[in-house]
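Before any comments, here is the structure.
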Amino acid sequence: MGVALHQRAFATALPALAAIVGVRFRVVVLGSPKTAWRSSSDEAMADAIDMGLASWDASMRAHYLAVPVEMEIDLGDRRS
């Protein structure tokens with residue numbers, strides 16, 4: 001239960017954090033990008049849902065990505 005709460009809190013905070021620091025997201029299957037970069041994890045998850053790559057967890061009332069699908073996160077260039 002603790003992990004689920006942590007995941008939910010992370011998912012809630014991630015879009016706001018991404019907007020501030022310019023993080024990008026995309027859906028990857030077996031290491032191969034399947035979507036364009038998106039400015040939010042919600043947009044990337046919508047891509048996965050549209051492509052039939054996300055599953056629904058009724059108990060958590062949320063979509064999730066099962067192996068071998070993952071969301072790649074690009075933190076961008078942080079050099080000054």
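Below is a table of values for the structure above.
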quantity	calculated
Karplus (6.51, -1.76, 1.60) ³J(HN,Hα), θ = phi - 60°, over the range 37-52, in Hz, Gly and Pro reported as x	5, 10, 7, 9, 5, 5, 5, 5, 5, 4, 4, 4, 5, 4, 8, x
Whole-Å semi-axes of the range 26-80's equivalent ellipsoid (Cα gyration tensor)	22, 13, 10
Pairwise label distance in nanometres, Ser39 with Asp74, each label 7 Å out on the Cα-Cβ vector	1.5 nm
Area of Met60 that stays accessible when all protein chains are in place (1.4 Å probe, Å², to 10)	60 Å²
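The values are calculated or read from the model by the stated rules, or taken from the named source; none is laboratory data. Bear in mind that the values here come from a model prediction, so they are computed numbers and not experimental data. Here the Cβ is made from the backbone with ideal geometry for all residues, glycine too, and neighbour counts use every protein chain on show. Surface accessibility is based on the protein's heavy atoms, side chains included, excluding ligands, DNA and RNA. Shrake-Rupley method; radii C 1.70, N 1.55, O 1.52, S 1.80 Å.
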